[in-house]
Amino acid sequence: MIVFGWAVFLASRSLGQGLLLTLEEHIAHFLGTRGATAAMGNSCICRDDSGAEDSVDIQQQQAENSAVPTADMRSQPRDPVRPPRRGRGPHEPRRKKQNVDGLVLDTLAVIRTLVDNDQEPPYSMITLHEMAETDEGWLDVVQSLIRVIPLEDPLGPAVITLLLDECPLPTKDALQKLTEILNLNGEVACQDSGHPAKHRNTSAVLGCLAEKLAGPASIGLLSPGILEYLLQCLKLQSHPTVMLFALIALEKFAQTSENKLTISESSISDRLVMLESWADDPDYLKRQVGFCAQWSLDNLFLKEGRQLTYEKVDLNSIRAMLNSNDVSEYLKISPHGLEARCDASSFESVRCTFCVDAGVWYYEVTVVTSGVMQIGWATRDSKFLNHEGYGIGDDEYSCAYDGCRQLIWYNARRDTVGFLLDLNEKQMIFFLNGSQLPPEKQVFSSTVSGFFAAASFMSYQQCEFNFGAKPFKYPPSMKFSTFNDYAFLTAEEKIILPRHRRLALLKQVSIRENCCSLCCDEVADTQLKPCGHSDLCMDCALQLETCPLCRKEIVSRVRQISHIS
């Protein structure tokens, strides 16, 4: 019944959009403005790219898309991208196969210019989604992602995840055909070692499919050949970025318990123990491999006799850290609570354990990766909607700089970003490697107290926070306070437990019958209107835009007096 309803929805949407597009074309032709009436209104310019026509040569597109943006481009208007559409016109044919590579590169080029969550997706992305509606088209898109995404583009793996996550689920036949085409095994992993982009992209595709499918389909996808391929990619002879994404793919396959057992029996933990030593490596690519290897050993692929990292880490000097209790399970936080990474397809957020209401405060972040992160300040009223792409700076109650899309720190790996909050003068000042950027004051029109250091991460992003436990690299000249000087955490509050330990503790907790279904702490005393569901407390209800049970939009929230003790 659900499948039938979804099919009816898609059919009616395509018909309606086709009629709407035809009507728009007639009106535009009548006004003499056809082809010049629609453009994406981005307020941030990163590249000077336009939508590709069918006859554009793919090699020319690759040369244009690989250009690094310069500072002069910030003030230049970007040529409008082809008008985005939700569907094809009634007489418009599908894109030809030979254009898939160009569309993938177009999407990669334009994705960093999208700064508004309400913007239409780029035309190239919509067209790729249309192609993927058939098995043949889906296979063309996947092979193109593996073939053309360049190794040096920091957003490449994230775009692979974004495109595949939005495409329709592949059929069993399509998955079978893909495994036959790729024909992966240990020998394939050793081939083309001088061209790691192919192996990095292949691992990224496998990880995305494992996360998207889960269950029996994920078990079927992890064939002996694919497991051998991913394990071979973890050997020290491989390029570090290939090792990183092979490990992430294995982590995502392990989300299915049967796969987790299969991978664990392959002695993967012995390989990860060697890679764990890279967690503090000065090479930031190796550091990512070490971070993920340590996290996997603590949370997924346990090794007998190995002491868990949280049991031996020294936390005596740390009084403020990232709050592991109000983040989703998809965000990885280091045992010392000062480094975070997201490898999920969602836009994950985290905040500090310490909140400030007055004075001047400063902290620093070391940027480990080069993709999309929004780092800055959030308040108690900030809303983080990870699966809808809303993070720090996306509402009126928070402020952040996004280095990749806002060109504040483009390709900022190894840079240090400073964040100063002056509640006396009502301003936020951002620093890039000690250089001060223009102050931000707009957020204070909505809130003036209750600020947390916070960050949001796109897929495959990582950074390290310094709240004052060690000297700052670029301390500002003005007088300021640090979180670590004024915060306090008990020994228990500092512990960030691995997943299996946390789950064991949760099983021992008794939950009241009338508790909130989200936080399980407060009484469920709030009814949502108009749907009428009432399984939430007021604090949780205020964080939601739609009902978690029926997905209807929340118009109002009513506290039920009878539930108040």
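Quick note: the coordinates plus some simple rules give every number you see, no bench work behind them. Just so you know, these numbers come straight off a predicted model, no measurement behind them. Note that each Cβ is placed from the backbone with ideal geometry, even for glycine, and that neighbours are counted across all protein chains shown.
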* Nearest-0.05 FRET efficiency for Leu542 and Ile511, computed from C-beta distance (R0 25 Å) -> 0.70
* Structure fact -> Charge tally for neighbours of Lys441 with beta carbon under 12 Å away, counting Lys, Arg as +1 and Asp, Glu as -1, is -2
* Structure fact -> Applied in sequence order to region 530-542, the curve 6.51 cos²θ - 1.76 cosθ + 1.60 (Karplus, θ = phi - 60°) yields integer Hz couplings, x standing for Gly and Pro, of x, 6, x, 5, 9, 9, 10, 8, 5, 4, 6, 4, 5
* **Gained length - Val555 relative to Glu152, 0.36 nm times residue gap less alpha-carbon distance** => 140.5 nm
* Rg(Cα)/(2.2 N^0.38 Å) for region 117-188, N = residue count -> 1.20
* To do: Please go through region 324-374 and write out the GluC sites (Glu not before Pro) that DSSP classes as loop and that have at most 16 other C-beta atoms within 10 Å.
  => Glu329
* Structure fact -> The computed P(r) of region 100-306 puts the percent of Cα pairs beyond 31 Å at 18 percent
* Asked: Residue by residue, what Karplus-based ³J(HN,Hα) values in Hz, rounded to whole numbers, does region 165-170 have, using 6.51, -1.76 and 1.60 with θ = phi - 60° and x for Gly and Pro?
  -> 5, 8, 6, x, 4, x
* Structure fact -> With a 19 Å threshold on alpha-carbon distance, the violating pairs from Lys235/Lys286; Lys172/Lys198; Lys470/Lys494; Lys529/Lys552; Lys286/Lys470 are Lys172/Lys198; Lys286/Lys470
* So what J values fall out for region 209-218 if you push phi through Karplus, 6.51 cos²θ - 1.76 cosθ + 1.60 with θ = phi - 60°, rounded to Hz, Gly and Pro as x? -> 5, 4, 5, 6, 8, 6, x, x, 5, 5
* Asked: What is the local net charge at Gly290, summed over the other residues whose Cβ is closer than 10 Å to its Cβ (Lys, Arg +1; Asp, Glu -1)?
  -> -2
* To do: For Lys529 paired with Ile495, estimate the spin-label separation in nm (one decimal), with each label point 7 Å from Cα along the Cα-to-Cβ line.
  => 4.6 nm
* Relative contact order (%) - region 100-306, alpha-carbon pairs under 8 angstrom, separation at least six -> 16 percent
* Which three semi-axes in whole Å describe the equivalent ellipsoid of region 209-282, each the square root of 5 times a Cα gyration tensor eigenvalue, listed largest first? -> 22, 12, 11
* Asked: Of Leu544, Val523, Ile554, whose Cα points farthest to the positive end of the dipole of region 512-564 (charges on the beta-carbon: +1 Lys, Arg; -1 Asp, Glu; origin at the Cα centre)?
  -> Ile554
* By how many nm would the segment from Lys198 to Asp326 lengthen if fully extended, with 0.36 nm per residue of separation less the alpha-carbon distance? -> 42.4 nm
* **Three semi-axes of the equivalent ellipsoid, region 259-335, Cα gyration tensor, whole Å, largest first** => 22, 16, 13
* Asked: What nm distance separates the two modelled labels at Phe488 and Asn433, each placed 7 Å from Cα along Cα→Cβ?
  -> 4.1 nm
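With N set to the number of residues, divide the alpha-carbon radius of gyration of region 151-213 by 2.2 N^0.38 Å and report two decimals.
Details: Rg = 12.6 Å, N = 63, 2.2 N^0.38 = 10.6 Å.
Taking the Cα Rg and dividing by 2.2 N^0.38 Å, one obtains 1.18.
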